[in-house]
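Data block below; observations after.
The values are calculated or read from the model by the stated rules, or taken from the named source; none is laboratory data. All values derive from a computational prediction rather than experimental measurement. Reconstructed Cβ throughout: ideal geometry from the backbone, glycine too, with neighbour counts over all protein chains shown. Surface accessibility is based on the protein's heavy atoms, side chains included, excluding ligands, DNA and RNA. Shrake-Rupley method; radii C 1.70, N 1.55, O 1.52, S 1.80 Å.
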Amino acid sequence: MMLGLLLARAGLEVAVLEKHADFLRDFRGDTIHPSTLELMYELGILQEFLKRPHQEVRELAGQVGKETVKIADFTHLPTHCQFLAFMPQWDFLNFVVEQGKRYPGFQVKMQAEATELIEENGRIAGVTAKTPDGIIEIRAGLTVGADGRHSLVRDRSGLQVIDLGAPMDVLWMRISRRPGDPGQTFGHAEAGKVFVMIDREDYWQCGFVIPKGAAEKLRERGIEQFREEIASLQPFLGERVSELRDWNDVSLLTVKVDRLKRWFRPGLLCIGDAAHAMSPVGGVGINLAIQDAVAAANALAAKLATRSLTDSDLLAVQRHREIPTRATQKLQIVVQNRVIRRVLSSSQPLTLPWPLRMLQRWPFLRRIPGRLVGMGFHPEHVRTAAKISSS
């Protein structure tokens, strides 16, 4: 959606396909990081964006055993917004659609599910899509796969996937929030358990981290025991865990960390999770995807306008974005294997590891994880100029 907005802003014709009738899907990434908010500023739409209901978080904190620790500080970032914004992804997407509609070349086709790639003479020339009115063909100078970690586009493309592994999955759920509840909480680690809570004003979005593939065994033990485990981690939720009536109220996120060896074929480019599925560690997936979109728009808009796009241009996008992608995934894998895996397999009471002890002793060090989470390894900046007035 962001790439569509940027290319339409540069005067190109763009069609974004969305297979559903709306964007209302729960438990999608909804952390808007300072790097993304800075892009909003560069596009001149930040103030309008911040008028939408959202929450602002200037520090990330967690609980290890009985100790509450502060982990990341965003208040010193060289950006206009020194905070994480939490906004449901459907509101964010609807906002981007509204901005895109200011440009004549921008269109979003709802209930249009890509089913196959159109290949002609070894080049991807577009897609076929299933709609309520039947199968349609959409032909394009460039087809972009931005359809997530279970990408049909990358599956049909035959591009090679490198699986980097993940030791955990996440069970997501909603539990109601009440006025007297504690403030924002991001993580609670106990021996063998990791529980994440995100304040969504009238409810908590909760994530229960489990070992990879353990969901079925957990279900076999019954929903009642699952409720008891949550209540033991957060006693103030004890009266509310009954809101989880059965396993239909719990959604499984199968965590994957992978990336394509090559992100493109002639006429095709994959970005975001379609090119590199990220771990939920740090909540950076949506922001990395947006950085990909900005880099692609910067590099390809002029080439698309003059119909001079080559494989070398697509390779340049991959090379530009692959370094921050690999660095982010490497850091996530370290956290997964050295922290989360150990916590999930531990049967002993947890103590603060030395990096967290350092963050508590010297608060200025929290700026480092604040920078890594808030801006990433290589924040992008909008360079494509608008071809029409945005008024």
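Estimate the FRET efficiency between Lys212 and Arg326 by the formula 1/(1 + (r/R0)^6), using the beta-carbon distance for r and 25 Å for R0, to the nearest 0.05.
That pair, Lys212 with Arg326, gives E of 0.70.
With point charges of +1 on the Cβ of Lys and Arg and -1 on the Cβ of Asp and Glu, referenced to the Cα centre of the chain, which listed residue (Gly376, Met173, Ala146) lies farthest in the positive direction of the dipole?
Result: Gly376, furthest along the dipole toward the positive end.
May I ask you to work out the translational diffusion coefficient for region 312-391 at 25 °C, viscosity 0.890 mPa s, via Stokes-Einstein with Rh from the Kirkwood sum over Cα pairs, reported in whole µm²/s? Could the numbers behind the result be given before it?
Working: Rh = 16.4 Å.
Translational D for this selection: 150 µm²/s.
Starting from one equal scatterer on each C-alpha and no solvent at all, send me the Debye-based log10 I(q)/I(0) for region 20-102 at q = 0.11 Å⁻¹, two decimals.
-0.36
Report, to two decimal places, the Cα Rg of region 316-356 normalised by 2.2 N^0.38 Å (N = number of residues). Don't skip to the end; give the middle numbers.
Working: Rg = 15.0 Å, N = 41, 2.2 N^0.38 = 9.0 Å.
In units of the 2.2 N^0.38 Å rule of thumb, it is 1.67.
Keeping the other protein chains in place, figure out the carbon and sulfur percent of the accessible area of the chain, with a 1.4 Å probe.
Carbon plus sulfur share of accessible area: 52 percent.
Give me the percent relative contact order of the chain, please, defined on Cα pairs under 8 angstrom at least 6 residues apart.
Values: 715 pairs, mean separation 93.1, N = 391.
Relative CO of the chain lands at 24 percent.
Sort Arg361, Arg123 by heavy-atom solvent-accessible area, probe 1.4 angstrom, most to least.
The ranking, largest first, comes out as Arg361, Arg123.
So, in nm, how far is label Arg200 from label Thr75 when the simple model puts each one 7 Å beyond its Cα toward the Cβ?
In this crude label model, Arg200 to Thr75 measures out at 2.9 nm.
Among Gly122, Phe74, Val161, whose Cα projects farthest towards the positive end of the dipole of region 74-166, with charges put on the beta-carbon of Lys, Arg (+1) and Asp, Glu (-1)?
Going by the charge dipole, the pick is Phe74.
With the Cα gyration tensor of region 161-202 giving a ≥ b ≥ c as the square roots of its eigenvalues, does the rule (a/c under 1.5 for rounded; else a/b larger than b/c for prolate; else oblate) give rounded, prolate or oblate? Could you put the intermediate results ahead of the total?
Numbers: a/c = 3.24, a/b = 2.10, b/c = 1.55.
Note, shape of region 161-202 comes out prolate.
Please work out the C-alpha center-to-center distance from region 266-303 to region 91-113 and express it in whole Å.
A separation of 18 Å, based on Cα centres.
Hey, what's the per residue convex hull volume over the C-alpha atoms of region 1-52, in cubic angstrom?
Expressed per residue, the convex hull around the Cα atoms of region 1-52 is 110 Å³.
Could you work out how far the C-alpha centroid of region 189-243 sits from that of region 121-167, in angstrom?
35 Å
With +1 on each Lys and Arg Cβ and -1 on each Asp and Glu Cβ, and nothing else charged, work out how big the dipole of region 319-391 is about its Cα centre, in Debye to the nearest 20.
My answer is approximately 140 debye.
If you place +1 on the Cβ of every Lys and Arg and -1 on the Cβ of every Asp and Glu, how big does the dipole about the Cα centre of region 96-254 come out, in debye to the nearest 20?
Computed charge dipole of region 96-254: roughly 300 debye.
Pick out the long, greasy-scoring helices in the chain: whole DSSP H runs spanning 24 Å or more along their own axis by Cα, mean Kyte-Doolittle at least -0.5. Please list the in-between numbers first.
On the way: long enough: 285-305 (29 Å, 1.07); 311-335 (35 Å, -0.35).
Once both thresholds are applied, what remains is 285-305, 311-335.
Efficiency by 1/(1 + (r/R0)^6): what FRET value for Lys51 and Glu120, r their Cβ-Cβ distance, R0 = 45 Å, to the nearest 0.05?
About 0.50, to the nearest 0.05.
Per residue, how many Å² of accessible area does the chain show with a 1.4 Å probe?
Value returned for the chain: 48 Å² of accessible area per residue.
Which order do the peptides 301-308, 31-38, 325-332 come out in when sorted by mean C-beta neighbours inside 10 angstrom, highest first?
In decreasing order of mean packing, 301-308, 31-38, 325-332 become 31-38, 325-332, 301-308.
Quote the accessible area belonging to Arg25 in square angstrom, nearest 10, computed with a 1.4 Å probe and with ligands, DNA and RNA left uncounted.
Arg25 exposes around 50 Å² with every protein chain in place.
What does region 28-179 give for Rg and for Dmax, in Å, if only its C-alpha atoms count?
20.4, 63
When the chain is fully extended, how far beyond the present Cα-Cα distance does Ile162 get from Lys109, taking 0.36 nm per residue of separation? Present the calculation step by step, with values, prior to reporting the outcome.
Numbers: separation 53, 0.36 × 53 = 19.08 nm, distance 3.15 nm.
Residue separation times 0.36 nm, minus the Cα-Cα distance, leaves 15.9 nm.
Provide the descending list of Cα extents for the chain along its principal axes, expressed in whole angstroms.
For the chain, the Cα spread along each principal axis is 62, 45, 37 Å.
Sorted by average packing, counted as other Cβ atoms within 10 angstrom per residue and highest first, what order do 347-359, 262-274 take?
Sorting 347-359, 262-274 by mean packing, highest first, produces 262-274, 347-359.
Stretch His150-Thr254 to full length: gain in nm at 0.36 nm per residue minus the Cα-Cα span?
Details: separation 104, 0.36 × 104 = 37.44 nm, distance 1.04 nm.
Stretched fully, the His150-Thr254 segment lengthens by 36.4 nm.
Show that you can apply the helix-only estimate: for the chain, add -39,500 (n - 2.57) for every DSSP H stretch of four or more residues, divide by all residues, and state [θ] at 222 nm to the nearest 500. Numbers along the way, then the final one.
Working: 12 runs with 125 residues, N = 391.
Taking each H run of at least 4 residues, the total per residue is -9500 deg cm²/dmol.
Leaving out same-chain residues fewer than 8 places away, which lysines sit with a Cα under 19 Å from that of Lys109?
Partners found: Lys19, Lys101, Lys130.
If you plug each phi of region 145-158 into the Karplus form 6.51 cos²θ - 1.76 cosθ + 1.60 with θ = phi - 60°, what whole-Hz ³J(HN,Hα) values come out, in order, with x for Gly and Pro?
x, 10, 9, x, 5, 9, 4, 5, 4, 5, 5, 6, 6, x
Rounding to the nearest 20 debye, state how big the charge dipole of the chain is about its Cα centre with +1 on each Lys and Arg Cβ and -1 on each Asp and Glu Cβ.
1140 debye
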